[in-house]
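First up is the structure itself, then whatever we jot down about it.
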Amino acid sequence: MVHSMQIRPYSRHQHILLIIVILLATSPVFALANTSGKDSYKNITETLSTISRTPHAKLVQIGQSVKHRPIYAVLLTDSPAHPSFERRNRILLICAQHGDEATSARAMLIWANRLANTSDSAALSLLKRSAIMLVPVANPDGFAANCRLNANGVDLNRDWDKRSQPETKAIDKLIRNFRPQAFVDEHEWLNTPRVKSNCVETPGFGRQGIMKKTRHMVLTAVRSTQSKGIALSPVFYRATSDSSLAHRHYVKRGICSMLVETSSNAPMNDRYRRYTEFVTALVGTLASDGHGIPMHQLVYALCRPDTDANSSYQTPMAKGNEQKEFDYFWFILLIPGAAILGYYATRKNSVRPGIAPYTLHRRPSFGVISLVDLAETDASMKLKLELFQTRRSRPCNRRKTSRSN
């Protein structure tokens, strides 16, 4: 009986290597990990530049990061070219202190773009009475690297008492010059289950002065947000809590300060609405004090729900450019994988001289070969001898059979 020789072109470790290469080359997550941080801050600056060309916005560079990236703030008011802050309600919004928390930055840029381009009478009335300063990315180096910390490895939201980093120094200088009446620091929980992950933190101690005013402001804005069917809860910190966080630090300095957190497990459009609805309610609460600006008109003008949350986030963020970069790097990563696959396919399947075309260098997969079977193959003499020495029947391979009676 003649056995056909079975071909095994790859060993086990070569199969594993090829699988790893193919997965890396074709993985969108791997491609995004290499491209999301590369030009993400550049997209932010391009969006800010676009917003600054509108009639109600002005772009200001307030400092530089550790790696000398510019830190920008955009001023939103009715006359940004000649701003006068004395008789206006001043609100400061900062986002992305932690570079891997990008949702608030993108949400607030969409909100700022709508406000800067608005023709709605209620929104224009708000701009007339308000000066809104937005710092969309407080940590440019961390944002570009998709990293929580800055380039010195410091958590900026634990540095406000010391202000040892250029980013915290720049924002502190802005606060001293702008003198906001309300300060909002926006964050997001990343893959961390929390009971109250969608929340606004405010001081839970102190019955007079700035503590009481801050609680009243937060509770009013939260109730307005909840009335739109959006889940958002107030949480309170104690007097013994860590005071190095930005909002806790500036409450001590007499500014109504709060921290907004959202859950990254929520849909994108829900997170977008939590940020924008709360900020709109907060700004509207200050601006409508004694002026009767209808809150529902402000919400309609600035917080319209988007039918497509993903396209909503990408509209002011150079959607086309990001897609081109993604496709480009995916293609670049695919080339080495294809080259390695082709190399092993041609190298391991090459025919050795003196062997029949269908006979490969790999030995047969069966464990034992007899002299009769070996003689009937068309392999070379050298290969036959090698197969006989390694695959011949040995005593340990033979089964012991009982002698039949």
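Read-outs throughout are calculated quantities, based only on the coordinates presented, and are distinct from any laboratory measurement. Values in this document were obtained by computation on a predicted structure and should not be read as measured data. Because the Cβ atoms are built from the backbone with ideal geometry, glycine has one as well, and the counts that use them run over all protein chains shown.
The relative contact order of segment 194-259, computed from alpha carbon pairs under 8 Å that lie at least 6 residues apart in sequence, is 43 percent. Over segment 95-167, the ratio between the Cα radius of gyration and 2.2 N^0.38 Å evaluates to 1.36. Can you tell me the FRET efficiency between Arg158 and Ser233 if r is taken as the Cβ-Cβ distance and R0 is 25 Å, rounded to the nearest 0.05? With R0 = 25 Å, the Cβ-Cβ based efficiency is 0.55. The label point for His68 and the one for Ser380, both projected 7 Å from the Cα toward the Cβ, are 6.3 nm apart.
With R₀ set to 35 Å, the beta-carbon distance separating Ser52 from Ser243 gives a calculated FRET efficiency near 0.50. Summed over all non-identical Cα pairs, the Kirkwood treatment of segment 137-195 gives a radius of 12.9 Å.
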